[in-house]
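Written out below as structure tokens is the structure these notes cover.
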Amino acid sequence: MNKSEELIKNLEHNLPVLPLPAPAVLEAKADKEIDDDYEFSRKTYKDLVDKSNNAIEGMMELALQSEHPRAFEVLSIMLKNTSDMTDKLMALQKQKKEIKTKEKEEAAAVTGVTNNNLFLGSVTDLQKHLIAQLSEKNVTDAS
């Protein structure tokens, strides 16, 4: 066995191929976390809007009875805040879709990628190694 073949054998022995985690498992976990966070945020926004609507009704009665300008100013601020909360509720829906789309794209890009490979040897050694691997997998030459 020449030095190059010995080097290849040592590399194969010392650098085992590590299996990638199953993308389906990672995706399922991420999807569950996103769904949980989304449901929590959605419920919180809905509760805030409901409470705000009740407060608006009370403030409207107070403003109409007192006819004080400050009461109407507070009422208009409460209406604006409620409107902003409903806009945030809709934005939450859009964010969820964007996150899921982005994660699916990233998961697709990650699967099967090997980075930072290093081969120490000549081109001939590399060719011999690749031919040996191909013959082990019963791959035939396409040419």
Practice item. Return only the number of the condition from (1) in contact with a Ser or Thr (Cβ under 6 Å, 6 or more places away or on another chain); (2) at pLDDT 90 or above; (3) not β-branched (Val, Ile, Thr) that GLU73 does not satisfy. Key: (1)
Review point. Which of the residues that make up the range 122-143 are at pLDDT 70 or above, in a loop (DSSP other than H, G, I, E, B) and either under 40 Å from the mean Cα position of the chain (by Cα) or among the charged types (D, E, K, R) (or both)?
Key: LYS137
**Study point:** Qualifying residues in the range 55-96 (those that are surrounded by 11 or more Cβ atoms within 10 Å (Cβ to Cβ) and among the basic types (Lys, Arg)) - the one farthest from TYR45 (Cα to Cα)
**Key:** LYS96
**Study point:** Filter pass, ILE8 being surrounded by 11 or more Cβ atoms within 10 Å (Cβ to Cβ), under 30 Å from LEU92 (Cβ atoms) and modelled with pLDDT under 90
**Key:** no
Point to revise | Matching option when the condition is at pLDDT below 85, small (Gly, Ala, Ser) and on the phi < 0 side of the Ramachandran plot, among ALA91, ALA109 | key: ALA109
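The values are calculated or read from the model by the stated rules, or taken from the named source; none is laboratory data. Worth saying up front: this structure is predicted, and the values here are computed from it rather than measured. Because the Cβ atoms are built from the backbone with ideal geometry, glycine has one as well, and the counts that use them run over all protein chains shown.
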